[in-house]
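Notes follow once the structure below has been shown.
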Amino acid sequence: MKANRTNIAGIETLTVLGEDPSVAVIMLHGYGANMNDLFPLWELWHEEKFNWYFPNGVLPLPMGYYEGRSWFSIDMEKLEKAMREGTHRDMKGSVPPELDTTLQMLEHFVSEVSKKHKTVILGGFSQGAMCTSHLAMKESLKLDGIVLLSGALLAEDKFPKAARALPFYQSHGTQDPILSIDGARDLEKKLHSMNFTGKLHEFRGGHEIPASVIHEVKIFLKQFV
């Protein structure tokens, strides 16, 4: 299996596709990263029937020596102030101006991928996890499970009152300086209130994906083989 760059529904994407099209795993990176960021994880999580998709964030974000990407903008002044004061932003009331457009683009992306695969798992880190949580609510999308790494409850008012229930894996560091553990707990409660099945795995650490989470995600994904 080898990586290829392609364009799916207008989004540049790194793919690793096998001979068995049964399962697609889509992973959305976080703010300031790009499609290469989560790409190495496929080798750690791979199963014979898996096919991998790593889309590039739709918004360019110059980072100096490389081009970062994002799914929506953030108020850097508020973030830096919160980090200086040792507090956190309350994301559940925040509605980024690009959120609707980004979710629409990702909805088209997931729909295109779904045409080729029987089972589709969607996941992401940070911003990618927050986008994933909203996409999981869209009845039009064929999703079988979601992976939420270091995300938070974002734009709560945009969640529907009901959605089809999905299994989920969620993780978050208790010392995360970017997105609070409280925001992750709020997201878990929201998912449970909508009958999603899964739980938040808390770990002692920051805004990261530790080895313990990599192992637990592998176990979660294996149920879809």
Check: Residues Ser114, Ser180: which one is surrounded by 14 or more Cβ atoms within 10 Å (Cβ to Cβ) and within 28 Å of Ser22 (Cα to Cα)?
Finding: Ser114
Note to self: Please go through (1) out of contact with any helix residue (DSSP H, G or I) (no Cβ under 9 Å at 6 or more places or on another chain); (2) surrounded by fewer than 24 Cβ atoms within 10 Å (Cβ to Cβ); (3) under 20 Å from Phe220 (Cβ atoms) for Leu143 and return the number of the only condition it doesn't satisfy.
What the structure shows: (1)
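For the structure I just gave you, tell me whether Glu139 is in contact (Cβ under 8 Å) with a residue 40 or more places away in the chain and more than 12 Å from the chain's Cα centre (by Cα). Step through it out loud before you land on a result.
Numbers: in contact (Cβ under 8 Å) with a residue 40 or more places away in the chain: no; more than 12 Å from the chain's Cα centre (by Cα): yes.
No; evaluated as a whole, the condition is false for this residue.
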Note to self: Of the residues His172, His192, His215, only one is in contact with a helix residue (DSSP H, G or I) (Cβ under 8 Å, 6 or more places away or on another chain) and either farther than 23 Å from Lys49 by Cα or surrounded by fewer than 19 Cβ atoms within 10 Å (Cβ to Cβ) (or both); which?
What the structure shows: His172
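In this structure, is Met91 under 20 Å from the mean Cα position of the chain (by Cα), modelled with pLDDT under 95 and among the hydrophobic types (A, V, I, L, M, F, W, C)?
Answer is yes for this residue.
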Next item on the list: Go through the range 9-27 and count every residue that is in contact (Cβ under 8 Å) with a residue 12 or more places away in the chain and over 13 Å from Val120 (Cβ atoms).
Entry: 11
Item checked: Segments classed as strands (runs of 3 or more DSSP E), wholly inside the range 1-81, with at least 1 members that are modelled with pLDDT under 95 -> 3-8, 59-62, 67-70
Next item on the list: Any chance you could count how many residues in the range 108-132 are of a type in the set (Asp, Glu) and either out of contact with any strand residue (DSSP E or B) (no Cβ under 6 Å at 6 or more places or on another chain) or part of a loop (DSSP other than H, G, I, E, B) (or both)?
Entry: 0
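The values are calculated or read from the model by the stated rules, or taken from the named source; none is laboratory data. Bear in mind that the values here come from a model prediction, so they are computed numbers and not experimental data. Every residue, glycine among them, receives a Cβ derived from its backbone with ideal geometry; neighbour counts consider all protein chains shown.
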